[in-house]
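Reading through the structure tokens given below for one structure.
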Amino acid sequence: MLGSMYRILHVGFGPLGQKIVGDVYTRRLGEVVALVDTSPELVGRRLRDSVPQAKTDIPITASLDEALVSGRYDVAVVTTSSDLRKCMDVFRSLLAAGLPVVSTCEELIFPWLRHAALAQELDSVARRTGGRIIGTGVNPGAMMDTIPVFVTAVCTKVSSVEVHRIQDASPRRVPFQKKIGAGLDDAQFAQGVKDGWLRHVGLGESLHFVAHYLGLPFDEWGETIEPVKATTRLQCGLGTIEPGRAAGVRQVAIGKRAGKPVITMVFQAAIGQTDPVPQDRVIITGEPSIDVVFTGGVHGDIATSAMTLNAIPSLLAAPPGLHTSATVPLLHIARGG
């Protein structure tokens, strides 16, 4: 649909939320008519404090219930947590109001992997109220799942899939640099992995998304995670990284059938990443075999915002329920009014 203008309820106004809201106005896609965030540092601030191009200067409120009562919306955008369980109360409220919901929650990309019961609940509520919900983003959501599945449309046979996402994290936002462990020593890195906050969330979801939609089952799968070490002194948004400390993370997920890899996902993001060179790559072994390379890689923050907003028209065109990028009309760039 060309020239659409959406009335948006936005939940979550951290760095990613601010980027997406800014793009709503830069791309002339609509108007953010309510903005919700529970952070004490943000509540009461005005939209234009962070997004000068906004047409209205609404305050940030901590109450989603008040926002639902006081406004009419075409869609809700949620950019709060990677953990589906932490998002569920917000999703329940939005779907109970019959709203379409687009979220960057990584586990929502393919929630049946870790949260089958919650996925069933979301689907049931959405179907009952006429709501719709989808998880999207750059990764997971595009580079390691949607795109690998899409490119097989030209194949008559697929026997294995390999996906590599290699990123220079230097231009990424600070929360992302922190999430990949930039600047940590070995003990701190290991503790971050143990505590569960240091990892790329969604690699398993991407693996199972591809397996499900391509019909490539495996009988075992697992993930490994290790630091990418700095060999020279580096600078990032978190400060100086000394040689020997972590510049980032390398995470690999492999699904095997009869001991042989069927789907391989390699995620590596580090400050000053040069070897291997930054790129996104999809290797399909099949008929025909395909090797697709995005030279330099796709910028994560730009693409996450783009996928989130570009998903809106596709979700609105889909029937009520819980969706993935494979169950809504083909995502493409949305044109503003």
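The values are calculated or read from the model by the stated rules, or taken from the named source; none is laboratory data. Just so it is clear, the model here is predicted, and its values are computed rather than measured. Every residue, glycine among them, receives a Cβ derived from its backbone with ideal geometry; neighbour counts consider all protein chains shown.
What to note about this one:
- With respect to the conditions (1) in contact with a Gly (Cβ under 7 Å, 6 or more places away or on another chain); (2) surrounded by 13 or more Cβ atoms within 10 Å (Cβ to Cβ); (3) over 27 Å from Asp275 (Cβ atoms), Glu223 falls short on a single one, namely (3).
- Sole exception among (1) in a strand (DSSP E or B); (2) in contact (Cβ under 8 Å) with a residue 12 or more places away in the chain for Thr308, by number: (1)
- Extreme residue, nearest to Met307 (Cα to Cα), among residues of the range 6-57 that are outside any loop (DSSP other than H, G, I, E, B) and among the basic types (Lys, Arg): Lys19
- Members of the range 73-117 that are crowded, with 20+ Cβ neighbours inside 10 Å and assigned to a helix (DSSP H, G or I): Leu84, Cys87, Val90, Phe91, Leu94, Leu95, Glu106, Glu107, Leu108
Okay, residues lined up against (1) in the same structural domain as Pro217 (by TED's automatic domain parsing); (2) of a type outside the set (S, T, N, Q):
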| site | (1), (2) |
| --- | --- |
| Asp83 | no, yes |
| Ile109 | no, yes |
| Ala116 | no, yes |
| Ala153 | yes, yes |
| Gln167 | yes, no |
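- When the criteria are applied in full, Asp168 meets the requirement of being closer than 25 Å to Arg250 by Cα, at pLDDT 95 or above and surrounded by fewer than 22 Cβ atoms within 10 Å (Cβ to Cβ).
- Of all the numbered requirements in (1) under 21 Å from Ile283 (Cα atoms); (2) among the small types (Gly, Ala, Ser); (3) crowded, with 17+ Cβ neighbours inside 10 Å, Gly181 misses one, and that requirement is (1).
- Condition broken by Ile254, with the remaining ones in (1) closer than 30 Å to Phe13 by Cβ; (2) of a type in the set (Val, Ile, Thr); (3) outside any helix (DSSP H, G or I) satisfied: (1)
Per-residue answers, yes or no, for (1) part of a helix (DSSP H, G or I); (2) charged (D, E, K, R):
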position	(1), (2)
Glu121	yes, yes
Ser124	yes, no
Ser159	no, no
Val163	no, no
Pro175	yes, no
Ala187	yes, no
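- Candidates Asp280, Asp291, Asp275 - the one that is among the acidic types (Asp, Glu), crowded, with 21+ Cβ neighbours inside 10 Å and outside any helix (DSSP H, G or I): Asp280
- Residues in the range 58-72 that are assigned to a helix (DSSP H, G or I) and either surrounded by fewer than 18 Cβ atoms within 10 Å (Cβ to Cβ) or among the charged types (D, E, K, R) (or both): Asp65, Glu66, Val69, Ser70.
- Screening Pro171 with (1) assigned to a loop (DSSP other than H, G, I, E, B); (2) without any contact (Cβ under 8 Å) to a residue 24 or more places away in the chain gives one miss only, at (2).
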